[in-house]
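*Asks:* Would you mind keeping the following structure in view while I ask a few things?
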Amino acid sequence: MEQLLQTGALLCTAAALVCGALALLVTRKFAMALAVLLDLLLAAGLLRLALPPTPQRLLTAASLVVVRRLAGVGLRDRSTAPPPAGPSTRPPA
Amino acid sequence: MSTAALGPVLVPVLAPVLAAPEVVSEAALRAAVDLLVRLVESAGAVVIFLGALIGFVRFVVAGLTDSGDDAFVRVRLGLGRFLALGLEFQLASDVLRTAIAPSFREIGQLAAIAAIRTVLNYFLAKEINAERAQVAERAGQDADRPRSGPLARLLGRTAPGMGSPPSQA
């Protein structure tokens, strides 16, 4: 059972890297790629949390929760922030 | 009939019951609960892995067909639902574990795991609601946006400005 869970977690981690890279290539948006990566890493973390708990596993899972929240808040702030004021491209009258 | 008079009547009746062995021993109860915990925990793990597998396949398809951000958001929404359901099973197994009297060390580990899972469940539910609203908001937009991924080009669909699909004479 433990071996199955560890293998499943490893596969989810590999899938996270592949899908994150694919999302970045297709959408050209770092936010989307990071979201996809974190979602599948969360799946891997949840599988590892089903293993017999060790301080390292608990710390890893807690860190994943914090990173997801920080990344989500940071990316949300960037998406809702007003665009930076740049030089006007309007041709002179 | 007074209480003192009841004693000689009740004691012979209750004595066999009080002296009887436990209907269910603590060891048997612990083994049964342990089995239930493993079953529920396994169900949660299966749901999570299944969701990750389906999500991976859908992400790859969305990437190859270049369906745009909406497709990725919809896949994330589906994956989030699977993860939330798996988390519910895992939380249920945590509740089951409290049914048998654990040691303080086990209580501490259980509390830490349950807290992490509960926080994850809460924030995951918020993210799912936000993404569901985002998908619903974009549902009225053009669903026939031309696609430009390699598979789409193979199927003869291209984006504007990228050339017309091969003519079918």
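*Asks:* Out of B:Glu88, B:Glu137, B:Glu106, report the one residue that is over 18 Å from the mean Cα position of the chain (by Cα) and more than 10 Å from chain A (Cβ to nearest Cβ).
*Replies:* B:Glu137
*Asks:* Tell me, please, whether a residue that is modelled with pLDDT under 85 and more than 27 Å from the chain's Cα centre (by Cα) can be found in segment B:27-39.
*Replies:* There is at least one residue in segment B:27-39 that is modelled with pLDDT under 85 and more than 27 Å from the chain's Cα centre (by Cα).
*Asks:* Same structure again: Quick one: in segment B:42-64, which of the residues that are under 22 Å from B:Arg138 (Cα atoms) and more than 9 Å from chain A (Cβ to nearest Cβ) is surrounded by the most Cβ atoms within 10 Å (Cβ to Cβ)?
*Replies:* Restricting to residues being under 22 Å from B:Arg138 (Cα atoms) and more than 9 Å from chain A (Cβ to nearest Cβ), the top hit is B:Arg58.
*Asks:* Do any residues in segment B:55-73 that are under 15 Å from B:Gln134 (Cβ atoms) have Cβ atoms under 8 Å from those of residues that are open to solvent by 10 Å² or more (accessible area, probe 1.4 Å) and acidic (Asp, Glu), where the two are at least six apart or on different chains, and which pairs are they?
*Replies:* Final answer for the pair search is B:Val73/B:Glu131.
*Asks:* Out of the residues in segment A:1-24 that are at the interface with chain B (Cβ under 8 Å from one of its Cβ atoms) and open to solvent by less than 40 Å² (accessible area, probe 1.4 Å), state the one that is farthest from B:Leu77 (Cα to Cα).
*Replies:* Step by step, filter segment A:1-24, then rank; the result is A:Leu5.
*Asks:* Across segment B:86-100, what is the total count of residues that are free of Cβ contacts under 8 Å to residues at least 40 places away in the same chain and open to solvent by 60 Å² or more (accessible area, probe 1.4 Å)?
*Replies:* 2
*Asks:* Of everything in segment A:25-37, what is within 10 Å of chain B (Cβ to nearest Cβ) and either open to solvent by less than 40 Å² (accessible area, probe 1.4 Å) or under 12 Å from the mean Cα position of the chain (by Cα) (or both)? Give them in sequence order.
*Replies:* A:Val26, A:Thr27, A:Ala31, A:Met32, A:Ala33, A:Ala35, A:Val36
The values are calculated or read from the model by the stated rules, or taken from the named source; none is laboratory data. Since we're looking at a predicted model, the values are computed, not measured. Neighbour counts run over all protein chains shown; Cβ positions are idealised from the backbone, glycine included. The area values use the complete protein model at the heavy-atom level, side chains included, leaving out ligands, DNA and RNA. Shrake-Rupley method; radii C 1.70, N 1.55, O 1.52, S 1.80 Å.
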